[in-house]
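The values are calculated or read from the model by the stated rules, or taken from the named source; none is laboratory data. As the structure is a computational prediction, the values presented were derived from the model and not from experiment. Cβ atoms come from the backbone with ideal geometry, glycine included; neighbour counts cover every protein chain shown.
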Amino acid sequence: MGAAREIERPEIRTERLHLRPFHAADADRLVAFLNDFEVSRTLGRVPYPYTKEHAVDWLDRQQMPCPADETGFVIDRGDGLIGGIGFRLIDSTPDIGYWLARSCWGQGLMTEAARAALAWLFAETDHAKVRSGVYEGNPASLRIQEKLGFEVTGRSTVHCLAQGRDLPHIDTQITRTRFEALDR
Ligand SMILES: CC(C)(COP(=O)(O)OP(=O)(O)OC[C@H]1O[C@@H](n2cnc3c(N)ncnc32)[C@H](O)[C@@H]1OP(=O)(O)O)[C@@H](O)C(=O)NCCC(=O)NCCS
């Protein structure tokens, strides 16, 4: 299952956004926007405080070509990085994660980015589903997932690096069939 092709640093264009590869020059904006507890407290693997060293280390690891189901994208509205979105494999199934600079919330940007990233992933791979989820108390992210067609599959506990503790988590997934039926 899965069999993602190895591809060269892809990019995706949407109506308002350019989802593009990370570059070393993104470091300062990465720090400016991720060193914000309101952003990192609902993410699993982003430390807080978020330093230039964290950004450089992350960017170093993004420079290599990688399979579609492990690809990360910068979210760029034409004037530099404003967020990130990407996939990682957990138990052979892609899991989507995303964040946006606080000043850009509330404009439908992540719904637009996540819809495009999912369409790209399903086109580039043969995965039958994508998983995600939100920590309890993150209604904006849960709403995005509901709008895209994700369904709740259960509850779990997931560590949050920024908060340094395990938190209750709502697990979700979307099947290829459901995404394709809704994405018209
Ligand atoms: C979650 C996040 C990505 C949302 O990005 P965004 O671009 O503002 O999201 P969108 O505007 O595309 O959609 C948000 C939806 O949630 C709704 N929403 C926002 N706040 C809400 C709240 N407190 N209660 C209920 N719904 C809410 C919005 O109205 C919108 O739904 P609508 O289109 O039906 O009106 C952004 O807040 C963020 O980066 N948060 C920190 C990191 C994070 O939590 N990442 C996700 C981890 S699972």
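Is it fair to say residue 84 is under 19 Å from residue 14 (Cα atoms) and either crowded, with 21+ Cβ neighbours inside 10 Å or away from the ligand (no atom under 15 Å from the Cβ) (or both)? Walk me through it before giving the result.
On the way: under 19 Å from residue 14 (Cα atoms): yes; either crowded, with 21+ Cβ neighbours inside 10 Å or away from the ligand (no atom under 15 Å from the Cβ) (or both): yes.
Judged against the criteria, residue 84 is a match.
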Would you call residue 150 without any contact (Cβ under 8 Å) to a residue 40 or more places away in the chain, farther than 24 Å from residue 48 by Cα, surrounded by 21 or more Cβ atoms within 10 Å (Cβ to Cβ) and of a type in the set (Phe, Trp, Tyr)?
yes
Since residue 79 meets every condition but one in (1) of a type in the set (Asp, Glu); (2) surrounded by fewer than 20 Cβ atoms within 10 Å (Cβ to Cβ); (3) closer than 20 Å to residue 126 by Cα, which condition does it not meet?
(3)
Quick check on this structure: which one of 69, 79 is at negative phi and out of contact with any His (no Cβ under 7 Å at 6 or more places or on another chain)?
79
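Mind checking which residues of the stretch 34-52 are more than 9 Å from the ligand (Cβ to nearest atom) and of a type outside the set (Val, Ile, Thr)?
Scanning the stretch 34-52 gives 34, 35, 37, 45, 47, 48, 49, 50, 52.
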Any residue at all in the stretch 124-138 that is closer than 26 Å to residue 13 by Cβ, at pLDDT 95 or above and within 9 Å of the ligand (Cβ to nearest atom)?
yes
So which residues in the stretch 104-135 are farther than 18 Å from residue 175 by Cβ and free of Cβ contacts under 8 Å to residues at least 60 places away in the same chain, if there are any at all?
104, 105, 106, 107, 108, 110, 111
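Hey, among the residues in the stretch 4-45 that are of a type in the set (Phe, Trp, Tyr) and assigned to a helix (DSSP H, G or I), which one's nearest to residue 86 (Cα to Cα)? Write out each step before concluding.
At the first step, the residues of the stretch 4-45 found to be of a type in the set (Phe, Trp, Tyr) are 22, 33, 37.
From what's left, assigned to a helix (DSSP H, G or I): 33, 37.
Numbers: 33: 17, 37: 20 Å.
Per the stated criteria, the residue is 33.
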Can you name the residue in the stretch 17-27 that is more than 15 Å from the chain's Cα centre (by Cα), surrounded by fewer than 18 Cβ atoms within 10 Å (Cβ to Cβ) and in contact (Cβ under 8 Å) with a residue 12 or more places away in the chain and is also farthest from the ligand (Cβ to nearest atom) among such residues?
24
By residue number, the members of the stretch 136-147 that are crowded, with 20+ Cβ neighbours inside 10 Å and either more than 21 Å from residue 46 (Cβ to Cβ) or in contact (Cβ under 8 Å) with a residue 60 or more places away in the chain (or both) are 141
